[in-house]
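Laboratory data are not the source of any read-out in this text; all were calculated from the coordinates shown. Note that this is a predicted model, so its numbers are computed, not measured. Because the Cβ atoms are built from the backbone with ideal geometry, glycine has one as well, and the counts that use them run over all protein chains shown.
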Amino acid sequence: IKRVTTHSLQAMKSKGEKIAMLTSYDYSMAAIVDNAGIDVILVGDSASNVMAGHETTLPITLDQMIYHASSVVRAASRALVVVDLPFGSYQGNSKEALSSAIRIMKESGAHAVKLEGGIEIAESVSRILTAGIPVMGHLGLTPQSIYKFGTYTVRAKEEAEAQKLKDDALKLQELGCFAVVLEKIPAVLAGEVTQSLQIPTIGIGAGQGCDGQVLVIHDMLGLNKGFRPRFLRQYASLYEVMNDAIKHYVSDVKAQAFPSDKEQY
Ligand code: KIV
Ligand code: NA
């Protein structure tokens, strides 16, 4: 199978073929996602929420991201694997950003990194790119800044923030990013940004105008029972499927219905 590259994503935008991206954090899930034909697997710092149970993405460490990423890389034979630089591993200075990105590439075997922010992190983005590491940008509702925003509501509804987002997107393209994630912003704005860029945009809660879409795998499979924002389409109800299977197992064990004669040596 031919590996998806940053160049194939660019070609997809040129042809008008939409890009499908999902998160994964472990080998078994990534194997299913890769085999199903996903273009990009994101080892998101949403692992902090869905894997570790933290309330925000802030606590996850670089070592923990590398562990998740290396597990995903072993499963992905077709997808491009992109890894989030976690909070605190790139904002301080651009040398620290580069050494964090190098650790991810070297220790996990991933193909690219993703950083949150625009003009403020330009120096870090440039330095990582000069080392030959592809960078994906991330603008809009950037969860590592949740304490600045105060809420998880839609960003860039006001003109000033919308204009900054447009400038940031152009800046990221000019620096050499291969794509940019647009999270939870008005569809019209995301469409305008997409039109203004040569590089692909990947939306989450950013509407139909983006060049691709991304969702957190646990959310789209219905593994997170309570989480149902408007942008999320739930493609399965795995919470119920797993809950039923586990209840069935418990009752079989209690009733001595498992194992049967045929299930023992
Ligand atoms: O960490 C993550 O899952 C993400 C996507 C939602 C874009 O950054
Ligand atoms: Na993320």
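Between 0 and 90 degrees, rounded to the nearest ten: what's the tilt of helix 238-254 against the longest Cα principal axis of the chain?
Between helix and principal axis, roughly 20 degrees.
For each pair in K106/K184; K114/K164; K2/K166, compute the distance between the two Cα atoms and list the pairs where it is over 30 Å.
Cα-Cα > 30 Å for K106/K184; K2/K166; rest within.
Kindly work out what percent of the DSSP beta bridges joining two residues of the stretch 6-236 are antiparallel, to the nearest 5.
5 percent
Write out the GluC sites (Glu not before Pro) in the stretch 132-178 meeting two conditions: DSSP loop, and at most 15 other Cβ atoms within 10 Å of their Cβ.
E158
How high is the relative contact order of the chain, in percent, counting Cα pairs under 8 Å that sit 6 or more residues apart?
Normalised by residue count, the contact order of the chain is 15 percent.
Can you tell me which of S94, S28, S108 moves the most in a GNM of the chain? Springs connect C-alpha atoms under 10 Å apart.
Top of the fluctuation ranking is S28.
Name the residue farthest towards the positive end of the dipole of the chain from the options T151, P59, T194, assuming +1 on Cβ of Lys and Arg, -1 on Cβ of Asp and Glu, about the Cα centre.
My answer, from the dipole projection, is T194.
Over the stretch 97-222, one equal point on each Cα, no solvent: what is log10 I(q)/I(0) by the Debye formula at q = 0.09, 0.17, 0.22 Å⁻¹?
-0.25, -0.88, -1.32
Beyond 18 Å, how much of the Cα-Cα pair distribution for the stretch 185-233 remains, as a whole percent?
I get 35 percent for the Cα pairs in the stretch 185-233 exceeding 18 Å.
Give me the angle, in degrees from 0 to 90, between the Cα long axis of helix 6-15 and the longest principal axis of the Cα atoms of the chain, rounded to the nearest 10.
Once rounded, one gets 80 degrees.
What does the charge dipole of the chain about its Cα centre add up to, to the nearest 20 debye, if the Cβ of each Lys and Arg holds +1 and the Cβ of each Asp and Glu holds -1?
360 debye
Which distance in nm do the two modelled labels at K18 and R230 give, with both placed 7 Å along the Cα-to-Cβ direction?
1.9 nm
Quick one: if you stick a label point 7 Å off each Cα along the C-beta vector at E161 and R74, how many nm between them?
It works out to 4.1 nm between the two label points.
Using Cα atoms only, what is the angle between the long axis of helix 62-75 and the major principal axis of the chain, expressed in degrees (0 to 90) to the nearest 10?
70 degrees
Once you compute Rg and the Kirkwood Rh from C-alpha atoms, what is the Rg to Rh ratio for the chain?
Taking Rg over the Kirkwood Rh, I get 1.02.
List every residue whose amide H lies under 5 Å from the amide H of K114, counting only residues 5 or more places away in sequence or on a different chain, with H placed 1.01 Å from N in the peptide plane.
The answer is V83, D84, L85, M136.
Along the Cα→Cβ direction, 7 angstrom out, place labels at R3 and I102. What is the inter-label distance in nm?
2.1 nm
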